[in-house]
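Since the structure comes first, as structure tokens, the remarks are kept for the end.
The values are calculated or read from the model by the stated rules, or taken from the named source; none is laboratory data. On a predicted model such as this, the values are computed, not experimentally measured, just so you know. Glycine also receives a Cβ, built like all others from the backbone with ideal geometry; neighbour counts cover every protein chain displayed. These area figures cover heavy atoms from the full protein model, side chains too; ligands, DNA and RNA do not enter into them. Shrake-Rupley method; radii C 1.70, N 1.55, O 1.52, S 1.80 Å.
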Amino acid sequence: MMRPGPAAARRRRRGFTLTEMIVASMLASLLMILLAVTWLGFGRPALEVEARARIQQEGILAAQSLACDLGGFLADSPGRTGAFLIGSASSPYQFLSWDLSQGNVLLLNFEGPSGNQGDLIIITYQLQGNLLVRSDSSTGVTTTVAKYVTGFSVAPNPSNTQQALIQIAISYRYFTSTYTLIGVPPS
């Protein structure tokens with residue numbers, strides 16, 4: 001019997017053998033398992049940290065906006081910072097009252113520069129979808145204070161009815177935080 005020549009040996013060697021395919025498939029599967037384990041170990045916790053940080057940021061923005069209005073600042077016109085209201089001789093605005101009766105809308109009433117009741121300026125905080133918005137009746141400007149808000153409620157504080165109990169619930173991905181603020185009227 002004669003041995004086949006080099007050309008015949010080359011023809012039989014084209015492609016992969018079944019054993020080579022099985023080994024390559026197993027190595028690719030092992031690589032995919034290692035990638036999945038790495039994602040579970042590093043990727044998911046990073047997304048959870050990002051979600052919690054976003055909720056915290058939105059809560060800080062909402063609290064800061066409310067604190068500025070309740071602390072005596074009122075924005076004059078779009079793009080300008082506010083004027084200090086309480087205790088300033090040069091300030092044209094005075095805090096009059098708030099309305100907590102609507103439950104999910106906070107109304108802050110300020111007296112305008114002329115000192116008569118016709119110049120009433122009303123600042124409104126309320127939910128629009130999942131946005132907490134602040135509206136100024138004097139300028140007509142509506143500003144988004146916080147996003148991802150799922151609940152906003154205002155009521156008199158049960159411990160002291162002269163104070164406001166403000167609760168803001170913020171949800172992002174699978175996490176929810178509720179912020180409870182106690183508002184004290186400026187004096």
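One table, with the values for the structure above:
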{"item": "Where Thr17 falls short, out of the listed (1) over 50 Å from the mean Cα position of the chain (by Cα); (2) modelled with pLDDT of 90 or more; (3) of a type in the set (S, T, N, Q)", "result": "(2)"}
{"item": "Number of the exception - Thr124 against (1) polar (S, T, N, Q); (2) farther than 13 Å from Val105 by Cβ; (3) open to solvent by less than 70 Å² (accessible area, probe 1.4 Å)", "result": "(2)"}
{"item": "Checking Tyr174 against (1) at pLDDT 95 or above; (2) within 30 Å of Pro45 (Cα to Cα), the condition it does not meet", "result": "(1)"}
{"item": "Condition check for Gly140: in a loop (DSSP other than H, G, I, E, B) and free of Cβ contacts under 8 Å to residues at least 60 places away in the same chain", "result": "yes"}
{"item": "Residue count, segment 149-187 (criterion: in contact (Cβ under 8 Å) with a residue 40 or more places away in the chain, open to solvent by less than 40 Å² (accessible area, probe 1.4 Å) and part of a loop (DSSP other than H, G, I, E, B))", "result": "1"}
